[in-house]
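Data first, discussion second: the structure below is written as structure tokens.
Readers should treat all values here as calculations from the given coordinates under stated rules, not as data from a laboratory. If you're wondering where the values come from, they're calculated on a predicted model, not measured in any experiment. Please note: Cβ atoms are built from the backbone with ideal geometry, for glycine as well, and neighbour counts cover all protein chains shown.
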Amino acid sequence: MKKVFILCIGLLAMSVSDAQNLNDVVRFSTENLNGTARFRAMSGAFGALGGDFSAFSINPAGSAVFNTSEVTVSLSNYHNDNDSYYFGTTSNRNDSEFDLNQAGIVFVFNNMADGDWRKISLGLNVQNNDNYYNNIFATGTNPSRGIANYFVSLANGQPLGEIAQLPGESDTDTYLYLGENLGFDAQQAFLGYEGFVINPDVDDDANTSYSSNADYSNGAIHDYILQTSGFNRKYTFNVGAQYRDNLYLGLNVNSHDVDYRERKVFIESPVNAASGLQYAEFSNELYTYGVGISFQVGAILKLQNVRLGGSYQSPTWYSLNDELIQGLSTDFRNPADATEILRRDIFPNVVNAYREHRIITPGNLTGSIAYIFGKSGLISFDYTLKDYSNAKLRPSNDFLATNNRIDNELQSTSSYRVGGEYRIKKFSLRGGYRFEQSPFKDGSTVGDLEGYSLGIGYNFGSLSFDLAYDRSERDRKPQIFQSGFTDHVNINKINSNVTFSATFKL
């Protein structure tokens with residue numbers, strides 16, 4: 001299929017960005033529990049412990065706790081179970097996939113020259129911040145609204161003479177022209193009008209007001225499909241050092257790689273048999289990609305059996321690009337003969353390539369404490385403070401509305417993680433619990449997260465194997481569309497993961 005690319009500036013860039021980027025900010029500001037099996041088995045409560053690759057992704061001083069050079073590789077199975085609720089109807093989708101989610105190597109240089117610096121470590125760790133694989137399906141009967149409300153809201157204000165297709169023009173020609181010259185709203189108006197989802201109030205080129213061609217007096221049956229895939233991967237370059245016998249220091253420089261794909265399909269069948277619009281299927285495929293950079297500093301203090309840790313993670317400065325493909329299929333009554341049902345398929349085969357934008361995610365502070373029970377085990381606690389309202393979109397002039405929404409709708413959050421480990425000879429038994437507060441002030445757009453974890457490990461000496469199971473649960477209320485038709489789907493997501501890690505001492 002041939003695709004035509006648009007280089008988008010000005011109005012087009014702003015109109016799509018305002019519709020999407022509050023969700024982008026939350027998505028790219030969130031780091032889910034990923035990494036080694038030992039780390040995940042203890043719910044990530046490693047800020048004061050170190051000696052683990054995922055641990056120094058939280059507190060870079062953790063690399064200096066390693067006694068020998070090591071390599072660790074981790075494989076995970078991600079399982080998502082989504083229950084969706086839409087106007088009294090419950091639907092379920094669950095899927096699984098495997099992913100090599102972590103790989104790292106650390107070099108430890110012991111027995112430094114005479115002085116207070118006892119050890120230096122150099123590490124490299126590659127780890128998923130997030131895995132975007134997910135599948136949501138919702139269905140139900142909306143009593144009063146539908147897709148026509150979306151198209152009407154964006155078409156109002158658009159002159160009919162601008163959005164109507166000229167004789168001899170193809171769908172690609174019209175959609176491309178509108179995107180380059182009038183923007184995203186005009187493209188949506190064209191789809192809605194040419195797809196007979198909406199009607200002009202006056203059949204005149206100067207008309208700028210529109211109404212629904214769907215009769216929602218008895219509601220409409222809706223199917224909503226949302227499929228996502230991709231990753232947010234972090235490459236960590238670490239240096240750590242041990243000062244005397246009880247102080248560990250570290251620095252990370254992180255490079256981030258984003259690849260996010262989203263396919264959203266909305267299907268509607270009005271209940272009223274006399275409706276002008278009989279069927280609509282609207283698809284949107286979004287591809288977001290880009291890079292980012294951040295840094296971290298941290299320290300661990302050893303006091304007999306107690307370990308104290310503190311770390312700061314800077315904001316992540318992302319540079320991102322969005323591409324969007326749209327298509328619309330409809331069945332509608334022939335305006336000239338109400339007994340005849342016609343079909344219209346509009347697939348412009350155009351990739352809307354929007355101007356690069358930047359997201360600055362919030363930094364965070366983590367404080368940690370752990371108690372070591374000799375050689376038999378340990379218990380650890382981490383507390384993290386992150387203010388999502390500090391996130392920003394750039395260029396500022398293009399995102400005034402979205403940045404205002406960030407200030408008004410997002411909040412400062414607290415999260416904590418508790419983990420423990422008990423050793424029986426060469427075996428280790430582990431468990432943990434974590435809680436993350438909602439980034440939204442309303443507490444419902446994205447709810448609080450709760451999770452627990454279990455794990456086991458066996459140490460052969462120069463080789464060790466670890467296995468972990470972690471489970472988390474969170475409610476969400478995403479809007480179906482960002483304008484006009486803003487009804488929500490209530491989603492309860494349970495994420496269950498099994499991770500296996502192999503560690504080799506060099």
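A cut-off of 5 Å between modelled amide H atoms, ignoring neighbours fewer than 5 places along the same chain, links Phe481 with Asp487. With viscosity 1.002 mPa s and temperature 20 °C, the Kirkwood radius over alpha carbon pairs of the range 61-213 converts through Stokes-Einstein to a diffusion coefficient of 100 µm²/s. Between Asp81 and Glu409, the modelled label-to-label distance comes to 3.0 nm, taking each label 7 Å out from Cα in the direction of the beta carbon.
Ranked for footprinting exposure by Cβ neighbours inside 10 Å, fewest first, Thr139, Thr174 give Thr139, Thr174.
Counting 0.36 nm for each residue step from Leu247 to Arg358 and taking away their Cα separation leaves a gain of 36.2 nm.
If you plug the beta carbon distance of Ile120 and Arg263 into 1/(1 + (r/R0)^6) with R0 = 35 Å, you get a FRET efficiency near 0.15. Normalised by residue count, the range 189-254 yields a Cα convex hull volume of 271 Å³ per residue. Counting every other Cβ atom within 10 Å of each residue's Cβ, Leu178, Leu75, Leu365, Leu277 order from fewest to most as Leu365, Leu75, Leu178, Leu277. Using the Cβ-Cβ distance between Phe109 and Lys425 with R0 set to 41 Å, the FRET efficiency from 1/(1 + (r/R0)^6) comes to roughly 0.85. By the equivalent-ellipsoid construction on the alpha carbon gyration tensor, the chain comes out with semi-axes of 52, 23, 18 Å, ordered largest to smallest.
Stretched out straight at 0.36 nm per residue, the stretch from Tyr433 to Ala401 would grow longer than its current Cα-Cα span by 7.8 nm.
For the range 440-456, putting each phi into the Karplus relation 6.51 cos²θ - 1.76 cosθ + 1.60 with θ = phi - 60° gives couplings of 9, 4, 6, x, 10, 3, 10, x, 5, 10, 10, x, 9, 8, 9, x, 9 Hz, in residue order, rounded to whole numbers and with x for Gly and Pro. Projecting the alpha carbon convex hull of the range 23-141 along each direction and taking the average yields 9.6 nm². Estimated at 0.36 nm per residue, the fully extended path between Val291 and Asn135 surpasses their Cα-Cα distance by 53.7 nm.
Computed over the alpha-carbon atoms, the range 359-422 gives an Rg to Rh ratio of 1.28, Rh here being the Kirkwood radius from the mean inverse distance. The Rg/Rh ratio for the range 291-413, using Cα coordinates for both the radius of gyration and the Kirkwood hydrodynamic radius, is 1.32.
The reciprocal of the average 1/r between distinct C-alpha atoms defines the Kirkwood hydrodynamic radius, which for the range 437-506 equals 15.1 Å. Between Tyr458 and Val271, the FRET efficiency estimated from the beta carbon spacing at R0 = 60 angstrom works out to 0.50. Spacing of the modelled spin labels on Asn334 and Glu169, each 7 Å from Cα toward Cβ, amounts to 2.6 nm. Neighbour counting of Cβ atoms within 10 Å sorts the residues Ser84, Ser311, fewest neighbours leading, into Ser84, Ser311.
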